[in-house]
Amino acid sequence: MCIVYDTLSFSLLNVFDSAVRERFSKLLRLDGHILPLPIAFDVEAPTTLPPGKGSYFGSDDIKSLILRFLQQYYSVYDSADRQPLLDAYHDGASFSLTVPFTTQNPSRSSLGEYQKDSRNVKKLSNPAARFRLLKHTRLMVVAFLNELPKTQHDVSSFVVDVSACTNTLLSFTVAGVFKEVDGKARDSVRAFSRVFVTVPAGNTGLCIVNDELFVRNASTEEIRRAFATPAPTPSSSPVPSLSAPQQEMLSAFSLQSGMNLEWTQKCLQDNEWDFNRAAQIFTQLKAEGKIPDVAFVK
């Protein structure tokens, strides 16, 4: 009985000490007894996370290869017809889409168009459903991509991180923002992260064997910064014919600036084909780091 009593008394004492400690967290002595030191994190001043770093490619050759791939891929993806993306995927390619877990009714969620096809394995435990939402073969992948909302990506927001690179495989993640251009969510800005696992195709190309797309609502800061740099006219859009002087100006400006013809033409058109003014704006934007790397991929 004494043992039981002492054990019970000790347990009640611990409960009492803990209850007092919850109200007086810095208390060190209670009823003449020294209390165990509290377990806590010693954070005296608020800390800030280090700023995010830019893209990582590993080498200039890999950088050129990936940027050229992204420019070609998203010029088609953002067009009216995504069917030509068949050429970008391997015959046995796989694709999955994921959105953050939400307790809202998918029909009320602003990501409703993506929610129904989300393969978020933290939420989805049914093996059959997991398999069904994983798209196999390039035909199924591109057919599914055609069903997703039409988009316009802000290529200047892209951040690329190469995770693996060998002679036979290149895996990298691209993150950025885009907006929807039709439907109920027209002009809604989304943030995305996309993992491409690719293999060599031809001498200078890439072929996608695995594609994982994560979509979420953009933050207030991401929305504010989105599309700060005007995007060039997509290559699939009709381009007006240029006069001979304009073609000469286009070649000269591209040579001096180092930009490709698509971005050079956009720069000149935005400045009403005033060479000096276009050069001044280009120099200013380049100094501010507002011209994306894809502008210099030829």
Listed by first then second residue, the pairs whose first member lies in the range 55-81 and is farther than 10 Å from VAL162 by Cα and in contact (Cβ under 8 Å) with a residue 60 or more places away in the chain, whose partner is of a type in the set (A, V, I, L, M) and open to solvent by less than 50 Å² (accessible area, probe 1.4 Å), with beta carbons under 6 Å and at least 6 positions apart or on separate chains, are LEU67/VAL294; LEU67/VAL297; ARG68/VAL297; PHE69/LEU206; GLN71/VAL294; GLN71/VAL297; VAL76/LEU85
May I ask you to verify whether LEU133 is touching an Asp or Glu at 6+ places or on another chain (Cβ under 9 Å), at pLDDT below 95 and farther than 22 Å from SER75 by Cβ? yes
Extreme residue, most open to solvent (accessible area, probe 1.4 Å), among residues of the range 132-179 that are under 17 Å from the mean Cα position of the chain (by Cα) and polar (S, T, N, Q): SER163
Kindly list, by first and then second residue, each pair from a residue in the range 184-204 that is farther than 27 Å from PHE57 by Cα to a residue that is surrounded by fewer than 18 Cβ atoms within 10 Å (Cβ to Cβ), limited to pairs with Cβ atoms under 7 Å and residues at least 6 apart or on different chains. ALA185/SER110; SER188/SER110
Unmet criterion (only one of (1) over 18 Å from SER75 (Cβ atoms); (2) in contact with a Ser or Thr (Cβ under 7 Å, 6 or more places away or on another chain)) for GLY112: (2)
Selection within the range 114-139 - within 18 Å of ARG194 (Cα to Cα), without any contact (Cβ under 8 Å) to a residue 24 or more places away in the chain and aliphatic (A, V, I, L, M): VAL121
I'd like the full set of residues that are out of contact with any helix residue (DSSP H, G or I) (no Cβ under 8 Å at 6 or more places or on another chain) and of a type in the set (Gly, Ala, Ser), limited to the range 156-174. SER156, SER163, ALA164, SER171
Return yes or no: is LEU70 touching a strand residue (DSSP E or B) at 6+ places or on another chain (Cβ under 8 Å) and aliphatic (A, V, I, L, M)? yes
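The values are calculated or read from the model by the stated rules, or taken from the named source; none is laboratory data. Model, not experiment: these values are computed from the prediction. Don't worry about glycine lacking a Cβ; one is built from the backbone with ideal geometry, like all the others, and counts go over all protein chains shown. Note: accessible area is taken over every heavy atom of the protein model, side chains too, but ligands, DNA and RNA are not part of it. Shrake-Rupley method; radii C 1.70, N 1.55, O 1.52, S 1.80 Å.
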